[in-house]
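Notes for the one structure printed next.
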Amino acid sequence: MGIRDIPLTTIDGDTTSLAEFDDKAVLVVNVASRCGNTPQYEKLEQLQKEYEDRGFTVLGFPCNQFLGQEPGSAEEIKEFCSTTYGVTFPLMAKTRVNGWHKHPLYASLTQVKDAEGKAGRVKWNFEKFLIAPDGTVTRFRPGTQPDDPAVVAAIEDALPAQ
């Protein structure tokens with residue numbers, strides 16, 4: 001089974017997979033509403049608006065594994081994201097990104113090395129994985145802002161040909 005075939009659950013409880021976004025560059029981000037990195041939502045939404053018409057989407061995966069920074073229900077998470085940051089990109093159900101019971105998507109993604117050549121566990125909320133339409137994955141650690149030139153360049157390189 002390829003990465004695009006791994007079953008996912010949306011925040012509304014529907015089943016999907018990355019195959020739905022097969023022709024797009026997808027930025028997978030584990031998100032949280034009570035984290036020092038939470039303001040990154042604003043920049044993620046800016047990326048969504050800037051590139052969505054060119055074959056790009058952000059996918060947010062709420063995660064409560066880091067000091068309980070995403071304790072809310074699905075409804076509370078959706079409301080927070082839409083009213084506080086105007087989030088329009090898709091959100092998934094709460095997801096485990098580390099440990100024995102981590103989601104199979106993250107089991108695959110965490111094998112990818114970052115710019116320093118390190119793979120392994122997600123370090124904190126707002127770690128980013130850019131999946132290009134050809135399946136290539138680029139990893140950015142939580143401290144890398146969504147509008148960092150390296151992230152923007154990777155997105156532009158991954159966009160499908162127009």
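Values quoted throughout were computed directly from the atomic coordinates according to the rules given, and no laboratory measurement underlies them. Keep in mind the model is a prediction, meaning the values are calculated, not measured. Backbone-built Cβ (ideal geometry, glycine too); neighbour counts: all protein chains shown.
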Exercise for review: Kindly provide the helix-only [θ] at 222 nm of the chain, computed as the sum of -39,500 (n - 2.57) over DSSP H runs of four or more divided by all residues, to the nearest 500 deg cm²/dmol?
Suggested key: -7000 deg cm²/dmol
Review point. To the nearest 20 debye, what charge dipole does segment 9-104 have about its Cα centre, counting +1 at the Cβ of each Lys and Arg and -1 at the Cβ of each Asp and Glu?
Key: 420 debye
Point to revise | In sequence order, calculated HN-Hα J values of segment 69-79 (Karplus, 6.51, -1.76, 1.60; Hz; x Gly/Pro) | key: 7, 9, x, x, 6, 4, 5, 5, 5, 4, 5
Review point. Which whole-Hz ³J(HN,Hα) couplings does segment 47-64 yield from phi under the Karplus relation 6.51 cos²θ - 1.76 cosθ + 1.60, θ = phi - 60°, glycine and proline marked x?
Key: 4, 4, 5, 5, 10, 4, 6, 10, x, 9, 8, 8, 10, x, 10, x, 9, 10
Review point. Candidates (i) 16.9; (ii) 15.6; (iii) 18.6; which is the computed Kirkwood radius over Cα pairs in Å?
Key: (ii)
Review point. So how do 103-113, 72-82 stack up, highest first, on mean other-Cβ count within 10 Å?
Key: 103-113, 72-82
